[in-house]
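The values are calculated or read from the model by the stated rules, or taken from the named source; none is laboratory data. Please read all numbers here as calculations on a predicted model, not as lab measurements. In this analysis, Cβ positions are derived from the backbone assuming ideal geometry, glycine residues included, and neighbour counts consider all displayed protein chains.
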Amino acid sequence: MNYDGIVVNILPAETISTAGWDRQKQTIVLEEDRDTEYKWGIVIDFWGEKCSLLTDLQVGEKITVWLNSKAREYNGRWYNAITGWKVDRGSAGWAAPAAAAASTVATPPNTTTSSAPAATKTADAPKTQEYEDELPF
């Protein structure tokens, strides 16, 4: 799964020592890049060698983060863990989905080949969405 957002905060790297092992962890906060009154954000942790993906990252930069989410139970309560494993910087990761969507939307050519007079000919406009008029209610 991936998440597009603007970097709001970059927390300093920290070393976690548990049960005889040490691991480095760094956390970033991303906010949606939408023009709405209430913007949502997400906190993403990077562990071990993945912390190097955050070098030279700047607050305000637009990025796409690939992440994994996990939930676990501890003492009757549930906790979420969101960890990142890949970062695309700049607008390159943002333009690709829009370009891919534009290339998949194609209107079929008008295939009406009837020899009927023009007054009785019914040429339907090509549909851009397959299930446009099919509502279940």
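Here are the numbers for the structure shown:
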quantity: Filtered residue count, region 33-47, keeping only those that are acidic (Asp, Glu) and either at pLDDT 90 or above or on the phi > 0 side of the Ramachandran plot (or both); calculated: 1
quantity: Test for Ser103: is it in a helix (DSSP H, G or I) and either at pLDDT 85 or above or surrounded by 10 or more Cβ atoms within 10 Å (Cβ to Cβ) (or both); calculated: no
quantity: Wholly within region 1-75, strands (runs of 3 or more DSSP E) carrying at least 1 residues that are of a type outside the set (Gly, Ala, Ser) and under 15 Å from Lys86 (Cα atoms); calculated: 2-10, 21-31, 41-47, 62-74
